[in-house]
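Below you'll find the structure, written out as C-alpha cells, and then a few comments.
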Amino acid sequence: MKPYYAYQVAHGASSLTDYWDGPTDGHSQNHFMMGHIEEWFYSALAGIAIDYDGTKEHALMIKSYLTEGGDWVKASHMLTQGKQDVLW
C-alpha cells in the first residue's frame, strides 16, 4: 500500500512528488501535489487563522485543534505587525 506521505519520504523524496509512488517509479520529485497538508498544519493544528479580507472582527485568531496522539505543535507566521508564534 503506497498512498501516504511517509512512503515518499521513506523512498528518498525530498519534496512532494507528482504521484504517490513517485520516488519508486521515477516521477517528478518537485511538485506541489496535495500541498494543502501544509495549510492544515498551520490553520488546524497550530490554529493560526488570519483574516486577509478584513471581514471579521479580529484579524488574527488562534484556535488550535488538539489531535489524539499529538503531543505538541510549534508554528510561526510572519505578519506585517511581526512574528506570530504558537506552541502547545
Report task. Step through the residues of the range 68-85 one at a time and calculate ³J(HN,Hα) from phi using the Karplus curve (6.51 cos²θ - 1.76 cosθ + 1.60, θ = phi - 60°), rounding each to whole Hz and writing x for Gly and Pro. Result -> 5, x, x, 8, 7, 9, 9, 8, 8, 9, 7, 10, 4, 7, x, 8, 9, 10
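In a shell of Cβ-Cβ distance under 14 Å around residue 88, excluding residue 88 itself, what net charge do Lys and Arg (+1) and Asp and Glu (-1) give?
On the way: positive: 63, 74; negative: 71, 85.
With Lys, Arg at +1 and Asp, Glu at -1, the neighbours total 0.
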Report summary line: Placing each pseudo-label 7 Å from Cα in the direction of the beta carbon, residue 52 and residue 10 end up separated by a distance in nanometres of 3.5 nm
Query raised in the report: How large is ³J(HN,Hα), in whole Hz, for each residue of the range 56-66 in order, when computed from phi with the Karplus curve 6.51 cos²θ - 1.76 cosθ + 1.60 and θ = phi - 60°, using x for Gly and Pro?
Result: 9, 4, 10, 6, 10, 9, 10, 9, 6, 9, 8
Report task. Using θ = phi - 60° and the Karplus relation 6.51 cos²θ - 1.76 cosθ + 1.60, list the HN-Hα couplings for the range 43-51 in order, rounded to whole Hz, with x at every Gly or Pro. Result -> 7, 9, 5, 6, x, 7, 10, 10, 8
Requested in this report: Give me the number: length gained by fully extending residue 86 to residue 68, i.e. 0.36 nm times residue separation minus the C-alpha to C-alpha distance, one decimal in nm.
Outcome: 4.6 nm
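Give, as a single signed number, the net charge of other residues whose beta carbon lies under 15 Å from the beta carbon of residue 45, with Lys and Arg counted +1 and Asp and Glu -1. Kindly include the intermediate steps, with their values, before the conclusion.
Details: positive: 63, 74; negative: 38, 39, 68, 71, 85.
So the surrounding residues net to -3.
Taken together, the values in this text are just the output of simple stated rules run on the coordinates, not laboratory data. This is a predicted model, so every value here is computed, not measured. Because the Cβ atoms are built from the backbone with ideal geometry, glycine has one as well, and the counts that use them run over all protein chains shown.
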